[in-house]
Amino acid sequence: MRRPRRLVLLSTTLTGALVLTAPATPALASPDVTPPTIVVSDGMTQPVFSFADAIEQRVFVQTPLDTDHDGRLDRVAIDISRPAETATQGFKVPVIFEHSPYRKDTWDDVPYPSVLVDELPQNGLTHRDAARSGDGAEARALAKANLPGSLDDYYVPRGYAVVLGQSIGTGDSDGCPTSGDRAETLGTKAVIDWLNGRARGFDATGAPVTADWTTGAVGMTGVSYNGTLPNMVATTGVKGLKTIIPVSAISSWYDYYRANGLVVAPGTYQGEDADILAQYTAGQARAEGTCADEIAEITQEQDRVSGDYTRFWAERDYLGGARDVKASVFVVHGLNDWNVKTENFAGWWDQLARYDVPRKIWLHQGGHGGPGSGATVPLPDGRSWTYKQTENRWFDYWLWRVPNGIMDEPTAVVQRENRAYTTYANWPDPGAREVDLKLAATSATAPGTLTTGKPRNSKVEQSFVDEGRTIAPTQLVAQPDTASPNRLVYTSPVLDQDVRISGRPEMRLRMAIDNKPDANLTTYLVDYGPVGSTAVPVVVTRGWTDPQNRRDADRTEAVKRGKLYDYRWTLEPKDYVFAAGHRIGVVVFSTDQEYTLLPLGGTRLRVAPHDSELRIPVVGGRSALGF
């Protein structure tokens, strides 16, 4: 059993410098020897160790897996950078660990499948056909049960070791990539086990290597896939993992590649799926050679036909695993990230809250990636910290146990539309209340309205024809006061005050598909200027659903042509302020050229506005809307 690390506080002033020292070893007992130290100023470790003199080391950690089925346990390659032993004199250090499938030899021109289809592939499905692709109910239960900048040159001088790993099946590691499943999780966990003496490691010659230089305290971080791996490993509850900082990270691969039964691409990667990502990370030689059969299995099991939530996706869903998370979590995400969409951070955040995991969240106005090292947030006490300083202080608190008060600061940091940062007690804002905006229309063709009151007793139905394959979403959301045969639009009155939403909007639509067995179904929440405004509309958030999955994502049910059904689905979570003088708008259309499969046009969809509504989480509730 590893003894707790004991540090001696030589100065208790957080605004000035303080020094933390390790207990003296026999070699340091002489009064002529200065104990090794880290230096803390303003609650942050300072760069006192020479990066130029750092020890660099390559180790191959043995995993419990054989993902390429060659009869040998796979080993994953890691590169270590740590303060020189002549500087630390036996002073053991914690570790900041970033694992990645992108280190080297990726297949950069891997071919993508076409998203141009004559008909949606699920058009020929019945419920029985869909069930053959996976037991949805069992998969859902399984999910519930199992459920920036350079690191080394910054943190090694501050008394950390930095470990940069290569995911199983990628780069210099053995095996085959498995795109987010349990094997990849355990392959990453093995590194933390080695750092804590529970797994074997070897150098390039095959000689055993131990990590006797570390305290065993590990923090993980990374962006995108590199940030997803910390989420994955945290769900194992592995001893030694003290904290994670997942940036633009995935919490459910279904929410990355699917949406409510629809095949939906990550932004700017139309056609990508789990198998394409596996080929990319494996590299062409491995993807077409030793791992071809394993990747072919991913292709089959991911199911681009029904789009249903199956066992395959349940194995890549970490939300239920939050119950086993023992590490603290600092979630960082862009509110305009359409690659790893915002449901991935929001769903994870909800589960962390459910299980009372120590946590903090930082939301910025950018897209995929971090907020930038210099992004600065003012605190209520008058101090201010940049993002990099906040990251530094977070690691110091959880890995060095520096008493810097970071857990006493506001839980949520949110960048507003003017790019200024502010803090909140939590996210979503505790003052947000769901408000129902009723859809209303008095004409079969004219744009409709959104109202909080009871709409006029009109039984008007409105219809549109899908031509999303050839008409871009930017065209469909434009000119909200003009009728279009290819979409429906509903707008609120002009707002007389700013209105902030915080959370998940939800669309409730009564709709029929008149001439096909299925269709894409898309909703955009849009910020429009006043009537007649020439301002470019702002797409606030988006949401998609498959009408055949109207009951659940794991269940395909046939749709009867011409029959009105009630559909309900959430849009991607958002924190956004509609400015006074603007209007809230919702646009309903079918095929989304940027995200969904693109069938030939001509599908006719019919909506009953009087039985439909948009539900939005308004801070301050209905009274804050002013209409």
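Could you tell me which of rounded, prolate or oblate describes region 386-513, using a ≥ b ≥ c as the square roots of the eigenvalues of the alpha-carbon gyration tensor, with rounded for a/c under 1.5 and, failing that, prolate when a/b is larger than b/c and oblate otherwise? Note, shape of region 386-513 comes out prolate.
Can you compute the label reach from Y112? Point 7 Å from Cα along the Cβ direction, backbone N cut-off under 11 Å, restricted to region 564-595. Output list for this probe position: 594-595. With a ≥ b ≥ c taken as the square roots of the eigenvalues of the C-alpha gyration tensor of region 256-302, please select rounded if a/c is under 1.5 and otherwise prolate if a/b is larger than b/c or oblate if it is not? Oblate, since a/c reaches 1.5 and b/c is not below a/b.
Using a 10 Å cut-off on Cβ atoms, rank the peptides 269-282, 361-374 from the highest mean neighbour count down.
Details: 269-282: 22.6, 361-374: 19.4.
Most protected by this proxy first, the peptides run 269-282, 361-374.
In terms of accessible area, using a 1.4 Å probe and ignoring ligands and nucleic acids, K454, K341, K459 rank largest first as K454, K459, K341.
The helix-only estimate of mean residue ellipticity at 222 nm for the chain, built from DSSP H runs of length n ≥ 4 each weighted as -39500 (n - 2.57), is -4500 deg cm²/dmol after division by the residue total. Straight Cα distances below 18 angstrom link K242 to the lysines K92, K189, K326, K360, with same-chain residues fewer than 8 positions distant left out. For the chain, with all protein chains in place and a probe radius of 1.4 Å, 50% of the accessible heavy-atom surface sits on carbon or sulfur.
Given the pairs K239/K341; K341/K516; K104/K574; K454/K563, which are separated by over 27 angstrom at their Cα positions?
Details: K239/K341 30 Å; K341/K516 29 Å; K104/K574 35 Å; K454/K563 25 Å.
Checking Cα-Cα distances, K239/K341; K341/K516; K104/K574 exceed 27 Å.
Estimated at the nearest 10 Å², the accessible area of R75 is 70 Å² with a 1.4 Å probe. When the residues E288, E572 are ordered by accessible surface, computed with a 1.4 Å probe over the protein chains alone, the sequence from largest down reads E288, E572. If you average the alpha carbon positions of region 430-473 and of region 549-627, how far apart do those two centres end up, in angstrom? If you average the Cα positions of each part, the centres end up 9 Å apart.
Karplus-derived 3J(HN,Hα) values for region 383-388, using 6.51 cos²θ - 1.76 cosθ + 1.60 with θ = phi - 60°, are 6, 9, 9, 7, 4, 5 Hz; glycine and proline are entered as x. Largest first, the extents of the alpha carbon coordinates of region 495-539 on the three principal axes equal 43, 27, 15 Å. Our summary gives region 267-356 a relative contact order of 28 percent, counting only alpha carbon pairs under 8 angstrom and 6 or more residues apart.
Ranked by accessible surface with a 1.4 Å probe, highest first, in what order do D575, D429, D79, D356 come?
Details: D575 0, D429 25, D79 55, D356 120 Å².
Result of the area sort, largest leading: D356, D79, D429, D575.
The values are calculated or read from the model by the stated rules, or taken from the named source; none is laboratory data. The model shown is predicted, which means the values in this text are computed figures rather than measured ones. Don't worry about glycine lacking a Cβ; one is built from the backbone with ideal geometry, like all the others, and counts go over all protein chains shown. Remember, those area values only see protein heavy atoms, side chains included, never the ligands or the DNA or RNA. Shrake-Rupley method; radii C 1.70, N 1.55, O 1.52, S 1.80 Å.
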